[in-house]
1. Taking the condition touching an Asp or Glu at 6+ places or on another chain (Cβ under 7 Å), among the charged types (D, E, K, R) and either touching a residue at least 24 places away in the same chain (Cβ under 8 Å) or open to solvent by 80 Å² or more (accessible area, probe 1.4 Å) (or both), does R10 pass?
2. Take the residues in segment 117-135 that are open to solvent by less than 70 Å² (accessible area, probe 1.4 Å) and in a loop (DSSP other than H, G, I, E, B); name whichever of them is farthest from E166 (Cα to Cα).
3. So G209 ticks every box in (1) modelled with pLDDT under 90; (2) surrounded by 15 or more Cβ atoms within 10 Å (Cβ to Cβ); (3) on the phi > 0 side of the Ramachandran plot but one. Which box is left unticked?
4. I'm checking my understanding of the structure. Among residues of segment 44-78 that are under 18 Å from N16 (Cα atoms) and of a type in the set (D, E), which one is most open to solvent (accessible area, probe 1.4 Å)?
5. Given the condition of a type in the set (S, T, Y) and either over 30 Å from I119 (Cβ atoms) or in contact (Cβ under 8 Å) with a residue 60 or more places away in the chain (or both), answer yes or no: does some residue in segment 243-256 qualify?
6. For L126, are the conditions met, namely being under 20 Å from N16 (Cα atoms) and in contact (Cβ under 8 Å) with a residue 12 or more places away in the chain?
7. Using beta carbons and a limit of 8 Å, which pairs, at least six apart or on different chains, have the first residue in segment 149-168 and within 18 Å of K6 (Cα to Cα) and the second one in a helix (DSSP H, G or I) and modelled with pLDDT of 70 or more?
8. Within the set of pairs 6 or more residues apart or between chains, which connect a residue that is in a helix (DSSP H, G or I) inside segment 183-206 to a residue that is exposed (fewer than 14 other Cβ atoms within 10 Å of the Cβ) and not polar (S, T, N, Q) with Cβ atoms less than 8 Å apart?
Amino acid sequence: MLYLEKMAARHITSANYITSVNGMVHPDRVLPEHDFLYMLDGEMEVFEDGTVYEMQSDDLLILTAGRHHYGKKLCNPGNRHMYFHVLPTERETMWNRDAEEQFCLPCATLLHCKSRPQIRRCFQELISEYWSESPVRLERLSLYFNLILCELTLLQAEEAEDGKLEPMIEAAREQIQSNPQIFFTPQEMADHFFVCPRTLNNHFQRACGKTFSAYQMDLKLEMVREFLVHQPQAKLHEAAVNFGFYDEFHLSKAFRRKYGQPPSQYRRAVR
């Protein structure tokens, strides 16, 4: 178990992709940095102080600074993975099992990240930024690292609850959020995932306790509520059109049902 400090300034010392055409053994070394290793395609065996970790595609291995890391056998030919090295903060060098929870993320050494593709994307963005010549390169590297920690926090919370949102649910939510002006029918969303509407609803009932349509309505109304707060001059008709409602009457009716008051009254209360 490694304790990582939340939202701290970070120094990334190295980052890149590695393709092993003929297979390779993980280097035998003790690094002054934490080693983040993400498997893109293949398998690899890595030891940390005598404990073996078997990595497969979309696994993240976090090797702690100051510990002995090594391999004993070749990974598969054609293995593809990415990595970065980050210096530990002063707090991380002092923390133990009594680390202050509000400042740290207790993180498992091996994490299965397939259910959260955001981790892979943040990892790739970090590597791209490392090789850039941007004048704000160091600041952005630190931000990307902390975004990865945020995603790891969500990943571990979902696993602990044993009721995590399935990849289909996450993808459906992204579709709704990125197309706020559209109200998807269950058939349209089911077709997107090559399933039938009944299967789609079963997944939503199991993960969220509600049908797809109910989930979409709740998410839309929450987006409307945010819009009303941050766009105080916008007409209610704009909110209705922007978030896929037929008109302001239908929006007001749904909003009152969820929040107990019409949008206009809610907006006055916020003001």
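1. Details: touching an Asp or Glu at 6+ places or on another chain (Cβ under 7 Å): no; among the charged types (D, E, K, R): yes; either touching a residue at least 24 places away in the same chain (Cβ under 8 Å) or open to solvent by 80 Å² or more (accessible area, probe 1.4 Å) (or both): yes.
In short, no.
2. For segment 117-135, the residue satisfying everything is S134.
3. Condition not satisfied by G209: (2).
4. Only one residue fits best here, namely D58.
5. Residues of segment 243-256 of a type in the set (S, T, Y): 246, 252.
From what's left, either over 30 Å from I119 (Cβ atoms) or in contact (Cβ under 8 Å) with a residue 60 or more places away in the chain (or both): 246, 252.
Yes, segment 243-256 has at least one match.
6. It is true that L126 is under 20 Å from N16 (Cα atoms) and in contact (Cβ under 8 Å) with a residue 12 or more places away in the chain.
7. Taking only residues 6 or more apart or on different chains, the pairs are E151/Q118; E151/I119; E151/C122; L152/I119; L155/I119.
8. Close Cβ pairs (under 8 Å, with a partner that is exposed (fewer than 14 other Cβ atoms within 10 Å of the Cβ) and not polar (S, T, N, Q)) amount to A190/C196.
The values are calculated or read from the model by the stated rules, or taken from the named source; none is laboratory data. It should be emphasised that the depicted structure is a prediction, and the values quoted were computed from it without experimental measurement. Cβ: placed from backbone, ideal geometry, glycine included. Neighbour counts: every protein chain shown. All accessible areas refer to the heavy atoms of the entire protein, side chains included, with ligands and DNA or RNA removed. Shrake-Rupley method; radii C 1.70, N 1.55, O 1.52, S 1.80 Å.
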